[in-house]
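Worksheet: one structure, shown below.
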Amino acid sequence: MCESTVSVALRIRPLVDNELEKGCQMCLDAIPGEPQVRICNTDKAFTYNYVFPPHIGQEDFYNTAIKRLIDNTFQGYNVTILAYGQTGSGKTHSMGTNYTGIGERGIIPRVIYDIFEIIKSKEDWSFKVAVSFMELYQEQLYDLLSDKQRSQSVVDIREDGKNIRIVGVTEKQVQDAQETLECLAQGSLGRVTGATAMNAHSSRSHAIFTLCICQQKKDDPNTATVAKFHLVDLAGSERSKKTQATGERFKEGVNINKGLLALGNVISQLGDGASGTYIGYRDSKLTRLLQDSLGGNSMTLMVACVSPADYNLDETLSTLRYADRARKIKNKPIVNQDSKIAEINRLNKLIQELRLALANQELGITTCPKEHEALEERYSVLQQKFRDMTEKLNSNFGEIVVMHERAEIAEQAREKIRFAISLLLDEFKQVLQDFDSCPEIDDEKRNKLKAIYEKMLDIQNNEKKASEELINHEISNSKHCVIHMKEDIECIRTEELNDIEDNLDYFDKKEEEHTLRQAERNNEVQTINKELALKESLVSELLKNVTQETAESRRNVVEMEQEIKRLHAEKEEHLQAVHTHNVSSKLAETRRKKVQELEKKIAELTRRCMEQNKIIKAKEKQDQRIKTLSSEIQSLKETRVKLIRQMRNDANNFTKWKQSKEKEIIKIRKQDRKRAYEMVRMKIEHNKQENVFKRKMEEAFAVNKRLKGALEIQKKAMQRQEKKANSKEEIKTWMAQEMEVLMATVEADYSLEKLMQDRASLVHQLEQLKKNNDLDEKELATVTEFIELRNIQIADLQQKILESDQETRTNTRWNMIRTIMDAKVALETAFHVVTQDRKQQCYKYNELKEKYQYLEARLEEYEKQERVNKISCSQDSSDTFFSDTDKSLTKSVKRQVLTENLNENKKLSSKKRKTESKIKEEIVDENAYLSYEDSSMMEDDVDKDPDWKKTPLYSRIQKLQNKSKFSIQRLTFNKIEPDNENPIKCACKTKCATRVCTCRKNGVTCNNCNCDSEQCQNRNKENLRATLFSDVAMSDKARCD
């Protein structure tokens, strides 16, 4: 079993015509070359396995993200492809659920063709393919391939162990891709679809198309596997406000959102990764169907389809967050074998293991667990190491230090004796020379010989001392070993072996390190000794040769030089004799020959003398080499001495350390035993004293118990009250902040909706201008500028709404409430706020009702005046001036009324303005009134009607008309004209939140009034805005009721 996380492929569809007509802008930006998408004008970014921008087609999408999953199916793994997203985001298009053989293929048709292509290529395998098609509609699971009626094709979900089974579902055996596509088309015809404002062919149900592939190798029945390929096309999440769904469509949307909410909760719970967390698979049938695909036995790919339009930013962001959480889900896919074949394979494997064990037992081969083998191997290694250490210890460490010290002492004694003997030999030579030169001096020579005798005695005494030192050194070392052995024996006798088991490992480690260190130093000393022996032997040989050959060479050189001088003298004599004396030619010839012989001898002696000089120079070089070797020998000896001293010091320090630690351990254990004994004794005494004190304190405790308990309870109650007071204030502040943020977000959403509606109307106006032949470039530029301004405002509002992060705040909002008392305080605060808002809404509703009644009365007056004007126009042409005056007066009255309504509308929210605009349209339509009045005047023009005559009724109408004008004028100007000399001031003791306040009743804010400025809500603009918004909401609710 291997873990595999859910893969996510994000697909962004292009903007559709409806969105383009509304002027929607792209709110998503896919980063090129990276599987990452960023929300425009924000720093929010999401990373997935795949990200496909709008220009990517079906083929590239399939080859990149889907095709690789088909091979997993033929390896025996379950595979699920899940399409998730908002309604109208392209899920059905991507999945290809409605494919009928015409048009571009989606995922399902391509998967079907590829599966049967692979089946054809595997000729040595046998396959069985079955398909099923189900639909989850309003929490009922329907079989779309059933031949029964729809009401009889309902199937149930059952759990078999850990697996989900669909009881009664139809599975059709298919042989090729065409037959499978026919099943897909048959089931698609039975799906429930409907038209909404966002999608003309909206899927109203969740569809699950499953391919079950059974494969088995023809020559090996034990290789049979069963894999399922689930292709899930979910219905899109929707908002009734945008889809404008009513009736049955609204109920369908509620059920769809209910199932997707349960799915989102499951994704969130699985994405958290907390072990032991309850997963709500049973909250919906959709989650039960997808239980194996999410956190179960399946390799899952979620295709998250989103709309890039800023109009759908909220739904798009929600889909992106759910897809990001789905990436954290870990599935555990396994190869799905046939249960019978899997059991056969398990038994065959068990039989093979038992046969192998039996064969090993017959051959005498015993097997043991791997843990035992590891322990045996470790034991053998440790045993070998122990043997090596013991051998080194027995062969080197016992005598090594003593032998080196003995050798060093002997070496020093030998050097001293050698030096003394060399001095004696020199003195003896001098004495012999003196005897040879002056035999008469006997006394002095005797004294010298006596002194030499004494020196020889000193040398002998020094040699005895050196021997004694060696003997004493051996004795001291032997005593030290004996003492150490005695101490060890005493330690063993005083303490049992079990008492030192805890420290054996530590001692063994330290002893091992010490032994290895001593062995290394011993090896170094041995190496130095070998080098010293070689160099000393070389120096002795060189000295021996040098002393003999140098003396002999010098003597030969001196003799040859003397012979050369003699021969030169003899040669000169013969030459002079030849030149000076008159001798016979025969004698002269003899002498010349003699001279030639002498010259030859001289040349030979000169040559030999030069050779001897060369030998002498070579001997000098050897002398220099001897000096060098001597210095090296001296440095090696010093190094050896240092190493020996280090070995001695280290051995002594280790021995002392070991003895001290052993003594400390013994001492500590003795102290522990004493302390344990003391603790037992003190515990007994303490128990006795405790019993005594308990008896003595019973009476006092009985007296003080009630008083102490009362004081403690009072103290705790006071602390709780202080804590509650602090907590109450904190919760009240928190509730106020939360409600303020929520109201601000609601207003922002409403403003955003209005801005989008304005943008849509401006885009429509722009299209009409472009279609118009008389194109006004200035007006076109103005409309375009307005559209850009709306886009900037929409982007700014969307960014602020995203920053508020209401979805996360909704999930974590109630973490502040930890106790029942906190919840009680929060409910009281919320109840108080709601009551105040409801009260203000009632006041505002009554105020609007009064205004409505007032406007109705005014309308009746206008209608009466209109009838009077018609009658008057039909009576006398002289009333033309009067009619004009009446018209101007009526216009001024209506203008004043409309101005008053406009001022009131500026104080209300946009919802109230919408309501007021409807009332004004129903009550007063100025243009229609004026146009009607103008037409009546044209029809009843007195000057153009020669047959018109005054009647007796004219005077009565004139009086009635004047009376009506006077009453309207008085009513209007008494209401509208302010009294500048006596400004309106209130003296309220409350918050000035109702029409009881004079200022609020007359539509002005409190300024320099006698009311409380801190409580007054008619002064603070923010409070006034909140009150008006609450009033409008209450008014809307009352009208709905």
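We did not get these values from a lab; they are worked out from the coordinates using the rules stated. It should be emphasised that the depicted structure is a prediction, and the values quoted were computed from it without experimental measurement. Note: ideal-geometry Cβ built from the backbone for every residue, glycine included; neighbour counts use all protein chains shown.
The ranking of Asp796, Asp310 from fewest to most other beta carbons within 10 Å of each one's beta carbon is Asp796, Asp310. Annotation: the residues Thr73, Thr527, sorted from fewest to most other C-beta atoms within 10 Å of their own C-beta, follow the order Thr527, Thr73.
Close amide H contacts of Thr80 (hydrogens built in the peptide plane, cut-off under 5 Å, sequence separation of 5 or more or a different chain): His230, Met299, Thr300, Leu301. For Leu10, the amide hydrogen comes within under 5 Å of the amide hydrogens of Tyr50, Val51, Phe52, Ala304, counting only partners 5 or more places away or on other chains and with H modelled in the peptide plane. Of Lys251/Lys330; Lys128/Lys218; Lys242/Lys839, which ones are farther than 23 Å apart at the Cα? In this structure, Lys251/Lys330; Lys242/Lys839 lie more than 23 Å apart at Cα. Taking amide H as placed 1.01 Å from N in the peptide plane, Arg1019 has its amide H under 5 Å from the amide H of Cys1006, each at least 5 places away in sequence or on another chain. Placing a label point 7 Å from the Cα of Leu780 along the Cα-to-Cβ direction, the residues of the stretch 754-770 whose backbone N falls under 18 Å from that point are 762-770. Label zone (Arg625, point 7 Å along Cα-to-C-beta; backbone nitrogen cut-off 20 Å) within the stretch 509-538: 531-538.
The phi torsions of the stretch 818-831, fed into the Karplus equation with coefficients 6.51, -1.76 and 1.60 and a -60° offset, translate into couplings of 10, 10, 5, 5, 4, 5, 5, 5, 5, 5, 4, 5, 5, 4 Hz, rounded to whole numbers, with Gly and Pro shown as x. Across the cross-link table entries Lys172/Lys228; Lys530/Lys621; Lys416/Lys627; Lys754/Lys851, which are compared at the Cα atoms, the separations over 21 Å belong to Lys530/Lys621; Lys754/Lys851. Extension gain for Ile70 to Glu377 (0.36 nm times residue separation, less C-alpha to C-alpha distance): 105.7 nm.
For Trp657 and Phe386, what is the calculated FRET efficiency with R₀ set at 22 Å and r taken between the beta-carbons, to the nearest 0.05? The partial results should precede the final answer.
Details: r = 22 Å, r/R0 = 0.99.
Efficiency computed from Cβ-Cβ geometry: 0.50.
Computed on the stretch 4-337, with alpha-carbon pairs under 8 angstrom and 6+ residues apart, the relative contact order is 29 percent. With θ taken as phi - 60° and the Karplus curve 6.51 cos²θ - 1.76 cosθ + 1.60 applied, the whole-hertz 3J(HN,Hα) list for the stretch 20-35 is 5, 5, 7, x, 5, 10, 6, 10, 10, 10, 7, 6, x, x, 10, x Hz, x standing for glycine and proline. Here the Karplus relation 6.51 cos²θ - 1.76 cosθ + 1.60, evaluated at θ = phi - 60°, turns the backbone of the stretch 601-613 into coupling constants of 4, 4, 4, 5, 5, 5, 4, 4, 5, 5, 4, 5, 5 Hz, with x for every Gly and Pro.
For Asn41 and Leu424, the difference between the fully extended length at 0.36 nm per residue and the C-alpha to C-alpha distance is 127.0 nm.
Modelled spin labels at Asn523 and Thr606, positioned 7 Å past Cα toward Cβ, are 6.3 nm from each other. Exposure proxy for Ser205, Ser268: other Cβ atoms within 10 Å of each Cβ, ordered fewest to most, give Ser268, Ser205. Distance from the Cα centroid of the stretch 156-183 to that of the stretch 828-878 is 67 Å (rounded to whole angstrom).
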